[in-house]
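One structure below.
The numbers here are math on the coordinates, done by the rules we state, and not lab data. The structure displayed is predicted, hence computed values, not measured ones. Positions of Cβ are backbone-derived with ideal geometry, glycine not excepted, and every protein chain shown enters the neighbour counts.
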Amino acid sequence: MKGFTLIELLVVVLIIGILSAAAMPAYQKAVERSRMVEAVNLLDSVAQAQERRYMNVNKYSLDFRGLGVAPKGASGPTFCTKGSVSGGSPACGTGNGFLMRLTGTDYPEGIGYAERVSPGEIRYAYTLSRKYDSTGTTCSGTNDNGKALCADYCGIDTPVESCCSDGRNSACDEIGG
């Protein structure tokens, strides 16, 4: 008789299960890192649009409509990258993305925020913030995974509550998340 025994098949299934269990956390971290890069790029676009607006009218905007960087239909100082703002609260409905916020109309108080939101439990909880006149992005983790992801983003070996994208173990330009 040719073929595999039941024991051999079970061993193969067990090995595949062990390998996939070991690879899953690395995969989830890579996916979250790509989400973070998406939010950082959006914050960069917001900061550039705000600086252009400030040069023209001497004020930063608290409305995404005038900046040309938000999706169609986004208005006011907040919008969700996935889903929609629910009554102005940080719960973005069913979306698994970021709550984007604009603050401050005067120099140098203008700051853009990207807060990680999800309809269920957030595995990586963190907030990104950037002053409009700055090149650094602050990452502030609010749970252990978020702190570890922020440290990875900032190029720091140990998890911290806040760090700057330039590698400082503190917030950029003395701003938090």
(request) Would you mind putting 136-142, 98-104 in packing order, based on average other-beta-carbon counts within 10 Å, highest first? (result) 136-142, 98-104
(request) For GLU8 paired with ARG168, estimate the spin-label separation in nm (one decimal), with each label point 7 Å from Cα along the Cα-to-Cβ line. (result) 6.3 nm
(request) For n ≥ 4 DSSP H runs only, could you compute -39500 (n - 2.57) per run for the chain, divide by its residues and tell me the 222 nm figure to the nearest 500? (result) -13000 deg cm²/dmol
(message) Between 0 and 90 degrees, rounded to the nearest ten: what's the tilt of helix 144-154 against the longest Cα principal axis of the chain?
(response) 70 degrees
(request) Specify the angular offset, from 0 to 90 degrees and rounded to the nearest 10, of the alpha carbon long axis of helix 6-57 from the longest principal axis of the alpha carbons in the chain. (result) 10 degrees
(request) Multiply the residue gap between LYS72 and ASP44 by 0.36 nm, knock off their C-alpha separation, and tell me the result in nm, one decimal place. (result) 8.2 nm
(request) Once you've got the GNM for the chain with C-alpha springs shorter than 10 Å, pick whichever of TYR153, TYR126, TYR27 has the biggest mean-square fluctuation. (result) TYR27
(request) Report the charge-dipole magnitude of the chain in Debye, nearest 20, computed about the Cα centre from +1 at each Lys and Arg Cβ and -1 at each Asp and Glu Cβ. (result) 580 debye
(request) List the equivalent ellipsoid semi-axes of the chain in whole Å, largest first, each obtained as the square root of 5λ for an eigenvalue λ of the Cα gyration tensor. (result) 40, 19, 12
(request) Note down the nm distance, to one decimal, between modelled labels 7 Å out along Cα→Cβ at MET24 and at VAL57. (result) 5.0 nm
(request) Could you order peptides 12-19, 144-151 by the average number of other Cβ atoms within 10 Å of their residues, highest first? (result) 144-151, 12-19
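Estimate the FRET efficiency between ASP133 and VAL31 by the formula 1/(1 + (r/R0)^6), using the beta-carbon distance for r and 45 Å for R0, to the nearest 0.05. Kindly include the intermediate steps, with their values, before the conclusion.
Details: r = 32 Å, r/R0 = 0.71.
The pair ASP133/VAL31 has a calculated efficiency of 0.90.
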